[in-house]
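Quick note: the coordinates plus some simple rules give every number you see, no bench work behind them. Owing to the predicted nature of the structure, the values given are computational and were not obtained by experimental measurement. For neighbour counting, all protein chains shown are included, and Cβ atoms are generated from backbone atoms with ideal geometry for every residue, glycine included.
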Amino acid sequence: MSLWKRSDAGEAAIALLSPTSMLEEGSMRYTTLLATAALALALPFILAHCASVPGPLTYDANSVGKPNSGAPMELWLPPGTGPFPAVVVMHGCAGVRDHHRGWAGRLTEWGYAAALLDSFHRRNANSTCYNKMSNPRPALLAQDAFNAAIYLRTLPTIQPDHIGIIGFSRGGSTALFTALASGAPTDRGGRPFQAVVAYYPGCLLKVRGEPEKILGEPASDVLILIGENDDWTPAPDCLKYVELQSGFPHAPTIKVYPGAVHSFDAAFRVYVDQEGHMQGVHPEARADSFVMTKAYFDARLKSK
């Protein structure tokens with residue numbers, strides 16, 4: 001997805017640089033002046049584009065809203081006064097969808113506060129689905145998640161030492177990045193999540209020779225849930241990830257669901273997307289993953 005948007009000033013810059021106008025004037029000096037003017041017109045839009053992908057997002061009372069508010073952080077709370085254990089919810093490559101709000105509601109039914117993050121809107125991004133190199137990348141989104149947890153710990157309704165994270169697809173990759181011991185921003189009060197659940201994540205990110213791998217000693221317990229027939233984020237990558245991480249104290253665990261494809265926990269029927277990937281519900285895997293996720297969080301966020 002391109003974040004560049006044409007404007008009247010941008011069109012004027014293009015017109016000034018057109019070959020026809022340069023040839024008609026026949027003057028190198030005039031051409032240089034025109035190019036300088038065009039750059040002056042275009043520069044604000046170039047800078048605006050660069051600024052649209054900032055560093056990690058931070059959160060305060062002004063960026064937090066109620067459920068379904070579309071705020072950068074939607075804070076969903078169970079009935080009662082708390083304090084509650086909490087789970088940060090990371091969306092996938094297409095941004096916040098009903099699917100993720102459904103998860104936020106499910107978590108509150110289980111007794112958790114759910115902090116649903118929108119990591120795209122403030123970055124002027126809409127989708128990263130068909131370009132794995134698109135910004136924002138999972139390693140950066142992991143810092144959004146840490147910052148969300150830092151804010152949650154300031155709230156009297158949240159148990160500060162009982163915060164987990166769940167992510168879906170690209171958000172699942174983000175969740176895996178948060179598990180790395182090297183990832184928590186200790187300089188600003190960050191600390192590891194007590195539990196990480198990653199639904200159908202991309203487990204071994206390495207694109208075009210770039211050494212971005214989700215490997216290294218984990219500081220959090222990790223559960224990966226993925227479909228055997230996932231042709232977008234393949235299960236063999238996650239099995240390899242688990243194998244490579246198996247020697248650490250926080251060794252990850254994985255469950256692979258036979259017959260399930262990408263987004264197997266969703267409420268929609270299986271379909272083939274524009275790039276030929278299959279997505280959609282697998283009822284048995286969906287139901288079992290709910291049981292697995294609740295038990296995993298309960299054991300780590302409620303029992304201590």
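Quick notes
- Our estimate of slack between Leu215 and Asp298, defined as 0.36 nm per intervening residue step minus the Cα-Cα distance, is 27.3 nm.
- Sorted by Cβ density within 10 Å, fewest first, the residues Ser182, Ser220: Ser182, Ser220
- Structural descriptor for the stretch 56-301: relative contact order 15 percent, calculated from alpha carbon pairs under 8 angstrom and at least 6 residues apart.
- Most tightly packed first, judged by the mean number of other beta-carbon atoms within 10 Å of their residues, the peptides 152-164, 59-71, 85-97 read 85-97, 152-164, 59-71.
- For the stretch 56-301, the antiparallel share of DSSP beta bridges with both residues in that region comes to about 20%.
- Protection proxy ranking of 105-116, 243-254, 279-290, by the mean of other Cβ atoms within 10 Å over each peptide's residues and highest first, is 105-116, 279-290, 243-254.
- Look at Tyr296, Tyr130 and count the other Cβ atoms within 10 Å of each Cβ; fewest to most, that gives Tyr130, Tyr296.
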